[in-house]
1. Given a Förster distance of 25 angstrom, what is the FRET efficiency for Asp138 paired with Phe72, based on the Cβ-Cβ distance and rounded to 0.05?
2. Peptides 83-89, 153-159: what's the order by average Cβ count within 10 Å, highest mean first?
3. Do any cysteines in the chain lack another Cys Cβ under 4.7 Å, and if so which?
4. Over all pairs of distinct alpha carbons, what does the Kirkwood formula give as the hydrodynamic radius of segment 95-215, in Å?
5. Please compute the length gained on full extension between Arg172 and Ala8, using 0.36 nm multiplied by the number of residues separating them and subtracting their Cα-Cα distance.
6. Can you give the convex hull volume of the alpha carbon atoms of the chain per residue, in Å³?
7. By how many nm would the segment from Ile110 to Ser56 grow when fully extended, if each residue of separation counts as 0.36 nm and the alpha-carbon distance is taken off?
8. So for Thr192, Thr38, fewest C-beta neighbours within 10 Å to most, what's the order?
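Nothing in this text is a laboratory measurement; each read-out follows from the coordinates by a stated rule. This is a predicted model, so every value here is computed, not measured. Cβ placement follows ideal geometry from the backbone for every residue including glycine, while neighbour counts extend to all protein chains displayed.
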Amino acid sequence: MNASQLGAAIDHTLLQPAYLDHQISQLCEEARHFGFATVCVFPSAVARANSLLDGSTVKVCTVVGFPFGATFGMVKAHEAREAIARGASEIDMVIDIAALKNNRPDDVLIDIKEVVEVAYSLGASTKVIIETALLTDDEKKVACELITRAEADYVKTSTGFASHGATAADVRLLRAHSGPSVRVKASGGIRTLDAALEMIEAGADRLGMSAGVAVMNEWNARHSQA
C-alpha cells in the first residue's frame, strides 16, 4: 500500500452537530489535498461540500437515519433522495437497530431496501451502519445476511456515537458473513495509522474517520524516515 491508496480508502468525516461552515471548507480542502475518497457530512452540509469539491475526484457522502436509525424507512429514503439531489453520491444509513434486536428481520430488510432502491435509482451507493457495539455476534451475522439480500454496497460498523467503534474482530466477522459484492467500512475510534492499517488488514475496504489528516501525516513521516 502507498499513500495514495491509503488516502483513497478514507471517508474524511465531520459529524458534529455544532459544525461551522469554515470547518466544512477545511474538510473539503484537506480531502482534495490528500485524495480522500469522500467527505462525510450531515445532509445539511451536502450542498456546500458538493460546491467546494466541484472539479475534484472527492465525492460527498452523507448520513441518513443518523445516529440511531429509529425512524421510518420511508423517511430515510426521502432523506437520501434529498441529499442525492444536493450532490451526495454515497449514503450511509443506520438500520432499525431495535427491530434487529427484537428479532424482526423482515422489518430490517424493508428498512434497508427502501434506501438502497432510492439510492440505486439515482446513481448513488449505500453503506449500511449496523452499530456493532450494540449487537451480539449472531445479530451481526443476521445483519450481514440482510444487507447482502438488500444488495447494499457496504456494511459499516459504527456511527461513532456508541460505546465503541470499529474493531478488527468485527471487521473480520462482517467480511466473513457478507456476500462477495458487499464491501466493509470500518468507522469509529480509528485515530492512528496503526489502527487504520489493522482495519485494512482485517478486511476493511473503506475507513470512516475524523483523524484522516493525522493518519496521512503519520504515514508520510514514517515513510520519509524509511
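1. Details: r = 26 Å, r/R0 = 1.04.
Approximately 0.45, to the nearest 0.05.
2. Working: 83-89: 20.4, 153-159: 26.1.
So the order, starting with the most tightly packed, is 153-159, 83-89.
3. Unpaired cysteines in the chain: Cys28, Cys144.
4. Numbers: mean 1/r = 0.0701 Å⁻¹.
For segment 95-215, inverting the mean 1/r across all distinct Cα pairs yields 14.3 Å.
5. On the way: separation 164, 0.36 × 164 = 59.04 nm, distance 2.07 nm.
Computed gain between Arg172 and Ala8 is 57.0 nm.
6. On the way: hull volume 24.8 nm³, N = 226.
In the chain, the Cα convex hull volume per residue is 110 Å³.
7. Working: separation 54, 0.36 × 54 = 19.44 nm, distance 3.48 nm.
Gain in length upon complete extension: 16.0 nm.
8. Details: Thr192 14, Thr38 23.
Placing the least packed residue first, the sequence is Thr192, Thr38.
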